[in-house]
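I have placed the structure first, in the form of structure tokens, so that the comments after it can refer back to it.
The values are calculated or read from the model by the stated rules, or taken from the named source; none is laboratory data. These numbers were taken from a predicted model, which means no experiment stands behind them. Cβ coordinates were reconstructed from backbone atoms using ideal geometry, including for glycine residues, and neighbour counts include every protein chain displayed. With ligands, DNA and RNA removed, areas are computed over all heavy atoms of the protein, side chains included. Shrake-Rupley method; radii C 1.70, N 1.55, O 1.52, S 1.80 Å.
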Amino acid sequence: MKPSRRRIVIGAAAAGALLAMAPAGAQQPAPRVKGPRIWLDLDQAELDDAYDQSVYAPNQKQVTGRYVTNSEAVRARLGAPRRFAYGPTPA
């Protein structure tokens, strides 16, 4: 299927925007040499990256740190969690 003119124009605009965002004289990283295939078309590095959340969420420490801050704020507002037994024993 031949791409539509609209897709060609939008793709060219997106590529131009990416180039405009790069600092002048910035070097592009060297392309990574792909190792032997481990599974499907993935080499070991790509397979490891697929299971490493930090590849997709580089701000993971900031996000999980926010859990602690938010939990403390909620406990300060609502108090400590209350525990109820659903039978004759506490457990």
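Observations on the structure shown:
- Among the numbered conditions (1) modelled with pLDDT of 90 or more; (2) open to solvent by 80 Å² or more (accessible area, probe 1.4 Å), the only one that Val63 does not meet is (2).
- Index of the failed condition, Val68 passing every other in (1) modelled with pLDDT of 85 or more; (2) among the β-branched types (Val, Ile, Thr); (3) surrounded by 10 or more Cβ atoms within 10 Å (Cβ to Cβ): (3)
- For first residues located in the range 72-91 and without any contact (Cβ under 8 Å) to a residue 12 or more places away in the chain, partners that are of a type outside the set (S, T, N, Q) and in a helix (DSSP H, G or I) and lie 6+ apart or on another chain with Cβ distances below 8 Å form the pairs Pro81/Arg75.
- Across the range 29-51, the number of residues qualifying as acidic (Asp, Glu) and in a helix (DSSP H, G or I) comes to 3.
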